[in-house]
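Scroll down for the structure; my scribbles are underneath it.
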Amino acid sequence: MKWTSLLPALLALPSLAFQPLLQSRAPPSKPDQCKCHPGDACWPTPSQWSSLNQTVSGRLVLAIPPGAACYPSFNGLPTFDAAKCADAAANWFNPNWMADQATLPMTPVWSNNTCEPNTATGSGPPAGCPATCLEGFLSAYAILATKASDIVAGVNFARKYNLRIIIRNTGHCFMGRSVGWGALVINTHRMKGIKFDGKKTSDGHTGGTVTIGAGVQFSDVYPEAWSRGLDILGGECPVSIPTTYLTF
């Protein structure tokens with residue numbers, strides 16, 4: 001019998017099909033294999049987070065979801081703001097706006113649809129949502145890195161306190177790996193350096209090279225290349241391409 005013939009039965013009884021797999025998962029054999037999470041005794045104190053913030057020159061942020069503006073509170077903080085709520089609702093499906101956020105995934109399902117605004121009305125949470133904004137799978141802290149030393153500081157802090165690290169640029173990950181509850185997010189989206197060099201030979205290639213920062217998207221690189229009369233091959237299209245560049 002082919003396994004595909006069993007598929008309808010498995011789909012009809014998902015709890016029976018997958019429950020044994022979930023039950024067989026064993027706990028870590030060593031305590032140090034577990035990462036530290038909020039509420040654990042090992043979680044950094046406010047003064048320790050403050051020290052990290054000083055190290056990265058104030059670029060550590062308490063990441064309040066932008067949709068929290070549509071709810072009365074988030075983690076005990078009053079957050080309702082009608083104007084910010086309307087802005088979040090208007091841009092909720094705008095990938096460029098999503099990319100600029102500190103911790104949001106570009107596909108909200110990866111945050112467990114946390115703190116969504118009502119995109120139909122532009123105000124308040126969607127019908128059926130909790131009365132307060134919940135953290136879901138989002139992280140509480142993010143470093144908005146602008147240079148390599150910010151990343152180094154984040155990695156060292158996470159190593160010292162046994163924290164999970166999430167690297168986020170635009171939040172565009174089909175596997176949802178740009179979010180993780182209890183993690184320290186290192187957001188590289190603001191590392192925008194673009195440097196065109198003269199002709200070089202590297203790994204058998206002879207020609208011009210461009211060095212780009214970790215947060216640069218190809219939609220940033222294209223105009224810079226075009227202004228120099230250069231062609232560049234990338235995997236992304238800008239929102240709009242000037243017709244003067246559309247030559248065949």
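A few comments on the model shown:
Each row is one residue, and each column tells you yes or no for (1) surrounded by fewer than 13 Cβ atoms within 10 Å (Cβ to Cβ); (2) of a type outside the set (Gly, Ala, Ser).
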site	(1), (2)
49	no, yes
53	no, yes
56	no, yes
60	no, yes
71	no, yes
74	no, yes
78	yes, yes
82	yes, no
97	no, yes
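- In the stretch 107-132, the residues that are out of contact with any Phe, Trp or Tyr (no Cβ under 9 Å at 6 or more places or on another chain) and either closer than 11 Å to residue 178 by Cβ or not in a loop (DSSP other than H, G, I, E, B) (or both): 109
- Matching entry among 111, 139 (being surrounded by 20 or more Cβ atoms within 10 Å (Cβ to Cβ), closer than 23 Å to residue 55 by Cβ and modelled with pLDDT under 95): 139
- Enumeration of residues in the stretch 133-152 that are of a type in the set (S, T, N, Q) and assigned to a loop (DSSP other than H, G, I, E, B): 139, 146
- Being of a type outside the set (A, V, I, L, M) and either under 18 Å from residue 36 (Cα atoms) or under 15 Å from the mean Cα position of the chain (by Cα) (or both) is a condition met by at least one residue of the stretch 128-136.
- Residue count, the stretch 72-106 (criterion: in a loop (DSSP other than H, G, I, E, B) and either farther than 18 Å from residue 137 by Cβ or not assigned by TED's automatic domain parsing to the domain that holds residue 61 (or both)): 8
The values are calculated or read from the model by the stated rules, or taken from the named source; none is laboratory data. All values derive from a computational prediction rather than experimental measurement. With ideal geometry, Cβ positions are generated from the backbone for all residues, glycine too; neighbour counts draw on all protein chains shown.
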